[in-house]
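Worksheet for the structure shown next.
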Amino acid sequence: MKILVANLGSTSFKYRLFEMSDERVLARGGVERIGSPQSKCFVEVGGQRDEQTLTAKNYAVAVRLCLQQLTDKKCLASPQELSAIGFKAVHAKGITGVHRVDESVLLAMEAYNDVAPAHNPSYVTVMRLLAKELPEIPLVAAFETGFHETIPPAHKYYAIPIEWADKHGIKRWGFHGASHRYIAERATKLVGNPDAKIISCHLGGSSSLCAIQAGKSQANSLGMSPQTGLPHNNRVGDFDVFALPAIMRATGKTLPQILDDLANRSGLQGLSCKSNDLRDVELAAIAGDKNAKLALDVFVASVRHYLGSYLLLLGGADAIVFTGGIGENSVAMREAVCKDLEWFGIQLDAAKNQTAKGEVRIDAANSRVQLWIMPTNEELIVARQARDCLT
Ligand code: ADP
């Protein structure tokens with residue numbers, strides 16, 4: 001069975017093609033600049049990359065071009081050999097888990113366009129177009145909230161009028177499910193204890209911590225929307241809603257304008273006034289920029305806030321895992337997060353942290369808690385979920 005896992009950007013379609021019998025990645029590729037007369041269509045097989053400049057006027061044309069390239073490269077005998085396209089979908093009203101995409105799923109996603117504004121509108125548009133133009137290919141949505149169905153009520157409910165939660169689904173749903181599920185499975189295996197207590201720190205463009213026990217999610221720092229929890233690249237993180245009327249009065253902005261600021265001009269970008277990319281913020285802080293330093297300090301404080309909370313929730317941890325673009329690559333961030341935690345049995349090996357690459361342990365010899373860097377593999381999780389959904 002061959003499954004394509006899609007990653008949608010605002011003008012790009014990227015994919016990995018999996019052979020599910022042995023979970024091999026047969027090819028990766030995609031189309032950039034969709035909608036432009038000079039779209040770039042690329043495919044990488046066995047480390048060799050081919051690129052063509054073509055016109056992909058929309059996502060359906062882009063997917064057809066990709067299928068043709070995969071057929072030319074003999075990764076598919078024909079486009080019909082593809083069993084499904086799997087999507088790492090974010091949020092839908094009243095739906096979680098893994099679903100074949102049909103109109104009811106699309107309507108449920110559309111209902112939360114404003115709860116997940118960076119993700120849902122583009123996913124719905126593309127899925128609808130593909131369903132119409134390529135009806136022969138099943139589309140499967142694996143929702144990010146699915147892994148968090150095991151979170152107990154104490155960590156799932158906000159203290160709001162109960163009918164908002166029970167009738168309208170206003171709860172801490174949690175996100176980054178594919179990444180945390182991968183880390184849960186992999187770290188539990190590496191620790192060698194099926195009941196292992198793991199704290200997964202996915203730090204990237206969007207960031208969240210997840211408390212995991214026996215492979216199951218117990219709490220996630222993301223809540224009702226992907227805007228909450230830790231500060232993100234340009235999204236706010238945790239925030240007091242009673243600040244809203246004060247901001248409206250002070251700025252003269254409407255509620256939708258302020259929500260747009262909180263979703264697009266906040267987080268690392270908003271505080272640093274420099275960039276939404278941690279690399280730029282780190283460089284600016286080293287050069288003495290005060291706002292950049294503040295952005296880093298706020299980010300680290302938030303990671304440690306949830307880390308402390310999850311150590312208490314789980315009653316300690318067997319392993320803490322760093323993943324995501326920041327978690328895997330920022331030596332300084334890992335060092336700042338783990339600073340002065342010896343009392344908790346957490347001790348980083350500075351030299352290992354400095355040179356670490358790929359999946360590797362970075363704890364000191366006398367650390368009670370294992371510390372890991374682990375590249376996540378969200379696409380593999382989505383491919384497995386799509387396969388299970390179809391079979
Ligand atoms: P997304 O959440 O969008 O999938 P990633 O997990 O790929 O994003 O993380 C992207 C972020 O990782 C970038 O915005 C950047 O801040 C950070 N990053 C990537 N490489 C480095 C690095 N070498 N040092 C520090 N931060 C990095």
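Can you go through Val31, Val45, Val25 and tell me which one is more than 23 Å from the chain's Cα centre (by Cα) and within 21 Å of Leu82 (Cβ to Cβ)? Spell out how you get there, then give the answer.
Working: Val31 fails: more than 23 Å from the chain's Cα centre (by Cα); Val25 fails: more than 23 Å from the chain's Cα centre (by Cα).
The conditions single out Val45.
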Margin query: Any residue at all in region 66-85 that's β-branched (Val, Ile, Thr), more than 30 Å from Trp164 (Cα to Cα) and over 25 Å from the mean Cα position of the chain (by Cα)?
Written below: yes
Item checked: Given (1) more than 12 Å from the ligand (Cβ to nearest atom); (2) within 20 Å of Ser367 (Cα to Cα); (3) in contact with a Lys or Arg (Cβ under 9 Å, 6 or more places away or on another chain), index of the condition Phe322 fails -> (1)
Check: Taking region 352-364 as the region of interest, how many residues are open to solvent by less than 50 Å² (accessible area, probe 1.4 Å) and modelled with pLDDT under 95?
Finding: 1
Margin query: I'd like to check something: does region 127-134 contain any residue that is assigned to a loop (DSSP other than H, G, I, E, B), under 30 Å from Ala60 (Cβ atoms), touching a residue at least 60 places away in the same chain (Cβ under 8 Å) and more than 16 Å from the ligand (Cβ to nearest atom)?
Written below: yes
Note to self: Out of the helices (runs of 4 or more DSSP H) lying entirely within region 280-391, which hold 1 or more residues that are small (Gly, Ala, Ser), within 23 Å of Gln218 (Cα to Cα) and without any contact (Cβ under 8 Å) to a residue 24 or more places away in the chain?
What the structure shows: 290-314
Margin query: When you check Ala142 against the structure, is it in contact with a Gly (Cβ under 8 Å, 6 or more places away or on another chain), buried (at least 22 other Cβ atoms within 10 Å of the Cβ) and touching a residue at least 12 places away in the same chain (Cβ under 8 Å), yes or no?
Written below: yes
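Residues in region 171-191 that are out of contact with any Pro (no Cβ under 8 Å at 6 or more places or on another chain) and of a type in the set (Ser, Thr, Tyr): how many?
So the answer is 2.
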Next item on the list: Quick one: which residue in Asp261, Asp280 is open to solvent by 30 Å² or more (accessible area, probe 1.4 Å) and away from the ligand (no atom under 16 Å from the Cβ)?
Entry: Asp261
Margin query: Can you pull out every residue in region 162-178 that is open to solvent by 60 Å² or more (accessible area, probe 1.4 Å) and more than 20 Å from Ser207 (Cβ to Cβ)?
Written below: Ile162, Glu163, Trp164, Asp166, Lys167, His168
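Which of the residues that make up region 33-47 are open to solvent by 50 Å² or more (accessible area, probe 1.4 Å), touching a strand residue (DSSP E or B) at 6+ places or on another chain (Cβ under 6 Å) and over 15 Å from Leu17 (Cα atoms)?
Of everything in region 33-47, those that are open to solvent by 50 Å² or more (accessible area, probe 1.4 Å), touching a strand residue (DSSP E or B) at 6+ places or on another chain (Cβ under 6 Å) and over 15 Å from Leu17 (Cα atoms) turn out to be Arg33, Gln38, Lys40.
Can Asn377 be described as within 16 Å of the ligand (Cβ to nearest atom) and under 30 Å from Val101 (Cβ atoms)?
yes
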Next item on the list: Collect the residues in region 283-296 that are closer than 21 Å to Gly229 by Cβ and more than 16 Å from the ligand (Cβ to nearest atom), keeping them in residue-number order.
Entry: Leu294
Notebook entry, point to check: If Gly205 passes every condition in (1) assigned to a helix (DSSP H, G or I); (2) within 12 Å of the ligand (Cβ to nearest atom) but one, which one does it miss?
Noted result: (1)
Notebook entry, point to check: If you check Ala246 against the conditions, is it more than 12 Å from the ligand (Cβ to nearest atom) and in contact with a strand residue (DSSP E or B) (Cβ under 7 Å, 6 or more places away or on another chain)?
Noted result: no
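Rundown of residues vs (1) within 16 Å of Lys197 (Cβ to Cβ); (2) open to solvent by 50 Å² or more (accessible area, probe 1.4 Å); (3) within 16 Å of the ligand (Cβ to nearest atom); (4) of a type in the set (A, V, I, L, M, F, W, C), yes/no style:
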residue: Val298; (1), (2), (3), (4): no, yes, yes, yes
residue: Val303; (1), (2), (3), (4): no, no, yes, yes
residue: Tyr310; (1), (2), (3), (4): yes, no, no, no
residue: Ala317; (1), (2), (3), (4): yes, no, no, yes
residue: Lys339; (1), (2), (3), (4): no, yes, no, no
residue: Trp343; (1), (2), (3), (4): no, yes, no, yes
residue: Ile346; (1), (2), (3), (4): yes, no, no, yes
residue: Ala350; (1), (2), (3), (4): no, yes, no, yes
Next item on the list: For region 76-86, state whether one or more residues are closer than 26 Å to Asp50 by Cα, in contact (Cβ under 8 Å) with a residue 24 or more places away in the chain and open to solvent by 50 Å² or more (accessible area, probe 1.4 Å).
Entry: yes
Next item on the list: Can you work out which of the residues in region 266-277 that are in contact with a Leu (Cβ under 7 Å, 6 or more places away or on another chain) and within 11 Å of the ligand (Cβ to nearest atom) is modelled with the highest pLDDT?
Entry: Leu268
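The values are calculated or read from the model by the stated rules, or taken from the named source; none is laboratory data. On a predicted model such as this, the values are computed, not experimentally measured, just so you know. Glycine gets a Cβ as well: all are built from the backbone with ideal geometry, and neighbour counts include every protein chain shown. All accessible areas refer to the heavy atoms of the entire protein, side chains included, with ligands and DNA or RNA removed. Shrake-Rupley method; radii C 1.70, N 1.55, O 1.52, S 1.80 Å.
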